[in-house]
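First comes the structure, then the notes that go with it.
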Amino acid sequence: MSEDKRKVVIELDNVKRDFKVGDEVVHALRGISFKIYEGEFVTIMGTSGSGKSTLLNQLGCLDTPTSGEYYLDGTPVRKMKRSERAILRNRKIGFVFQNYNLLAKTTSVENVELPLMYNNKYNARQRREAAVKALQAVGLGDRLEHKSNQMSGGQMQRVAIARALVNDPAVILADEATGNLDTRTSYEMLLLFQKLHHEGRTIIFVTHNPEIALYSSRNIMLRDGKIREDVVNENIVDVREVIAKLPVQNDED
Amino acid sequence: MNFTNLIRVAMRAIMNNKMRTFLSMLGIIIGVAAVIIMMAIGQGSKMSIRGELSKMGTNLLTIRPGADMRGGVRQDPSAMQTLKVADYESIKQKATLARYASAEVSSGGQVIYGANNTTTTIYGEAPEYLDIKLWEVEKGDCYTEDDIRKSAKVCVVGQTIVEELFGDKGYDCVGKTIRFKSIPFRIVGVLKGKGYNSWGMDQDNVMIAPYTTVMKRIVAQTYLSSIVVSAVSEEKSDDCIEEINEILRENHKLKEGDANDFTVHSQQEMMETMSTTMDTITIILVVAAAFSLLVAGIGIMNIMLVSVTERTKEIGLRMSVGARGKDISRQFLIEAVMISLTGGVLGVLLGYLLCTAASSMGLPCSIPLWSVILSFTVCACIGLIFGFVPARKAARMDPIEAIRYE
């Protein structure tokens, strides 16, 4: 199989996650197993209550499985301590959140530098260089010193994506990354993700919007804490085509 | 996160909330300023009292009759008559560590010149007395040893007496004869003014005459009320006391084991007593001021707790991009310490300004360096102690919940 030659970035082996709510035990994840290979653009989809947030927390090393094992870039995560997981997140994961989560009254460069602040291998100059490079990669090379309150939603989300790129992570985890944006900006953002995908980045995009699956290379559908469907998308739609068909934007809006 | 970054982040957080930070800092500023001022006044008064005491005489030792009376035990009246002129002469001859010595008898009473009179104290002294007590003669001269031998009816007077009896401080009264308890004394010298001492006694209201004269004509007694000695140096004071003890014990034929029938007090002891009193007052004031620092610390803790809650989302973000619990707790600790230290710096400045103002109004103020160092240390500790709870709260947050906090 050709798949065996690709590098496994994420491997879930029968991951279960139970929560205690009062006296009841809620099974949020009921045994999830999959592998995600380097360079994949995976959408994880499901309605609310399907366990996708819980899964995202697992993948982002914010939480650990009740049973089963999660290997991130070959490292087993379940028995790691809080601080060890923090370091793992710092080196291996880039988060993009729905509501950007930029630091207030802070310039884009400083926002993008944030993950590197927690990595002592970077000095101030290297940090800035990496941040500028990441901002250029998302097309904000001319907005380095803009503060978060001087930018549009799309620009803020680009800063957030640059922040997710800056530590050269093994995987970018996006959580409803287009949820707060208007249609055109959403597509522009998806275009950016496709570009990153073409550059070889591994991307996991968690969303409840089924349309986004059209633009990814693989779609995992969750229902009631189990995988219902896991399909590879052979016909990835190029977002540029969609943008081209959009009605011309009225600048007065 | 390294230290420079922590400082930078804390600075940013403080600058983002200038007003609120300043208000919580105000408690520290006022508290520190209060502590500094209290310590400065304490120190200043202590120094001015020391100054006054040393103006009263250098390395002064006072020998009084009777055993040490600190217990308040009533003593045999004869015990008050143990100091004789012979004792004074022995000290003068044998005590090598005594630079000057003077026999002393004193009496209060009325002094008259013409139609004027005033109440004063006459001190019967040897001429060395002026050297011991650092008196200077402004007009005329002091009496001499010869006057002592002859029990001459001569005296030197302080400025207050000149003013009271002759109407004017500048009046040239040398050669005039005044009467103390109807005994006529010829004025041979006028002392330079010393003014009031720090407990409000007019030091210039004195009349100094040969001790022989005062003993025979005024008090009619054969014993001395005290002997005052000036030791060669401050360091030698204690040795000098030993020397005097030996001389007097021998003179009084005291056997080994017998208690002294006299006591020797040094100026140091007096200074120490005064210092202890001042220290106690200072400590009470400083403790009161320190309580305001405690309250200020609680204010900082309060504002930090609010800040932690407000910045839950930021904490969640920092944690998801790789901040460990200790990175977060350090961030808030440093912020708290910076608030309290900045407050400390401003407080010291405010205290300094107020002290300068107080000194210019005549209040003795002197800021001891250690009080500044102490203030900074206390401020850093306040930041650490009262920053601890908010920092721990921040560090223990669950990143999943924190990042979704609205």
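The values are calculated or read from the model by the stated rules, or taken from the named source; none is laboratory data. What you see is a predicted model; the values in this text were computed from it and never measured. Note: ideal-geometry Cβ built from the backbone for every residue, glycine included; neighbour counts use all protein chains shown.
Odds and ends about this structure:
- Enumeration of residues in the stretch A:72-100 that are within 11 Å of chain B (Cβ to nearest Cβ), under 24 Å from A:Phe34 (Cβ atoms), in contact (Cβ under 8 Å) with a residue 40 or more places away in the chain and not aromatic (Phe, Trp, Tyr): A:Arg91, A:Lys92, A:Ile93, A:Gly94, A:Val96, A:Gln98
- The listed residue being part of a strand (DSSP E or B), buried (at least 20 other Cβ atoms within 10 Å of the Cβ) and in contact (Cβ under 8 Å) with a residue 12 or more places away in the chain, out of A:Phe193, A:Phe205: A:Phe205
- When the stretch B:132-154 is filtered for residues that are assigned to a strand (DSSP E or B) and under 34 Å from the mean Cα position of the chain (by Cα), the ones remaining, listed by number, are B:Val137, B:Glu138, B:Lys139.
- Just one of the listed residues (B:Val156, B:Val188) is closer than 30 Å to B:Met80 by Cα and hydrophobic (A, V, I, L, M, F, W, C), and it is B:Val156.
- Verdict on B:Val111 being within 26 Å of B:Gly51 (Cβ to Cβ) and either at pLDDT 90 or above or not in a loop (DSSP other than H, G, I, E, B) (or both): no
- Across the stretch A:101-125, the qualifying residues are those that are in a helix (DSSP H, G or I) and of a type in the set (Gly, Ala, Ser), and the one among them that is farthest from the other protein chains (Cβ to nearest Cβ) is A:Ser108.
- When the stretch A:56-71 is limited to residues that are more than 9 Å from every other protein chain (Cβ to nearest Cβ) and among the aliphatic types (A, V, I, L, M), the one that is surrounded by the fewest Cβ atoms within 10 Å (Cβ to Cβ) turns out to be A:Leu56.
- Scanning the stretch B:166-181 for residues that are within 38 Å of the chain's Cα centre (by Cα) and either in a strand (DSSP E or B) or not assigned by TED's automatic domain parsing to the domain that holds B:Thr121 (or both) returns a single hit, B:Phe180.
- Residue match in the stretch B:259-272 (condition: small (Gly, Ala, Ser), away from every other protein chain (no Cβ under 14 Å), within 25 Å of B:Val228 (Cα to Cα) and touching a residue at least 24 places away in the same chain (Cβ under 8 Å)): yes
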